[in-house]
Amino acid sequence: MSPRFLPERDRDVYRDAIAMSIGICIVGVSFGAIATAAGFPWWIPVAMSALTFAATSQFAMLAVVMAGGGVLAGLAAGVLVHLRHIPYGLAVGDLYWGRWWTRMLGTFMLIDQSTAFALAAGHDRRRAKTAYWATAVIMFIAWNVGTVIGVFAGGFVPDPDVFGLDAAFPALLLALVFPALKDRDTLMAVLVGSAVALATAPFLPTGVPVLLAILGVFATWPRGKRREAAE
């Protein structure tokens with residue numbers, strides 16, 4: 001890389017993004033291996049990673065489908081998980097909302113990491129834009145490389161439970177949710193949603209209880225209205 005392409009003031013952004021991409025690559029390996037070991041053709045996980053680029057949503061869909069919930073239930077689960085990107089776009093959308101093609105590409109590249117790195121730049125718009133695009137591109141490469149490696153590795157893993165790869169999805173979700181559990185309303189929503197899923201699991205088709213867990217959000221609605229009124 002030439003110094004002009006990689007200014008010294010931005011090197012820490014690239015360094016941190018590359019460090020994080022190692023973990024993303026490992027998760028991608030897990031996704032590819034689980035999908036292949038579960039019997040999916042190699043091109044399905046590869047296409048999902050290249051065209052969707054949404055690790056958590058991909059794992060959500062894969063988990064529901066593998067549990068017997070069907071493709072539609074899997075898609076619904078993935079979409080629900082992906083809805084968190086709406087506030088992400090509101091927070092950092094101005095960084096790419098210029099020309100039509102940057103809107104398309106920037107929206108596609110919107111992930112947890114690119115949003116977090118951009119917000120960490122504070123009010124420095126130039127640095128925020130650099131952080132957003134650099135992180136997004138690095139993560140995209142790492143995720144897809146990991147998926148391809150996992151697809152080839154999955155062919156030699158008859159049972160993903162042997163290596164605990166099946167735990168990648170819940171572990172990833174827990175890592176994303178855990179910091180937010182410090183908020184009382186969020187914790188209440190999680191507890192109510194989990195209770196709904198557990199209570200309906202014996203009576204509903206696989207995958208549907210997970211979708212119904214979104215009802216936990218309404219547990220905090222009255223509290224939120226009272227808080228707004230107090231402020």
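The values are calculated or read from the model by the stated rules, or taken from the named source; none is laboratory data. Note that this is a predicted model, so its numbers are computed, not measured. Because the Cβ atoms are built from the backbone with ideal geometry, glycine has one as well, and the counts that use them run over all protein chains shown. To get the accessible areas, we keep the full protein, side chains included, count just its heavy atoms, and leave off ligands, DNA and RNA. Shrake-Rupley method; radii C 1.70, N 1.55, O 1.52, S 1.80 Å.
The table for this structure:
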| item | result |
| --- | --- |
| Filtered residue count, the range 1-15, keeping only those that are open to solvent by less than 100 Å² (accessible area, probe 1.4 Å) and either at pLDDT 85 or above or hydrophobic (A, V, I, L, M, F, W, C) (or both) | 3 |
| Top-ranked residue in the range 112-137 [being crowded, with 22+ Cβ neighbours inside 10 Å and of a type in the set (Val, Ile, Thr); ranked as nearest to ILE26 (Cα to Cα)] | THR135 |
| Subset of the range 90-106 [in contact with a helix residue (DSSP H, G or I) (Cβ under 7 Å, 6 or more places away or on another chain), part of a helix (DSSP H, G or I) and surrounded by fewer than 19 Cβ atoms within 10 Å (Cβ to Cβ)] | ALA91 |
| Total residues in the range 132-157, condition at pLDDT below 90 and in a helix (DSSP H, G or I) | 3 |
| Positions within the range 65-83 being open to solvent by 60 Å² or more (accessible area, probe 1.4 Å) and either closer than 24 Å to ILE18 by Cα or assigned to a helix (DSSP H, G or I) (or both), in sequence order | MET66, VAL71, LEU72, LEU75, VAL79, LEU80, HIS82 |
| Count of residues meeting criterion [of a type in the set (Val, Ile, Thr) and either free of Cβ contacts under 8 Å to residues at least 40 places away in the same chain or touching a strand residue (DSSP E or B) at 6+ places or on another chain (Cβ under 7 Å) (or both)] in the range 15-43 | 0 |
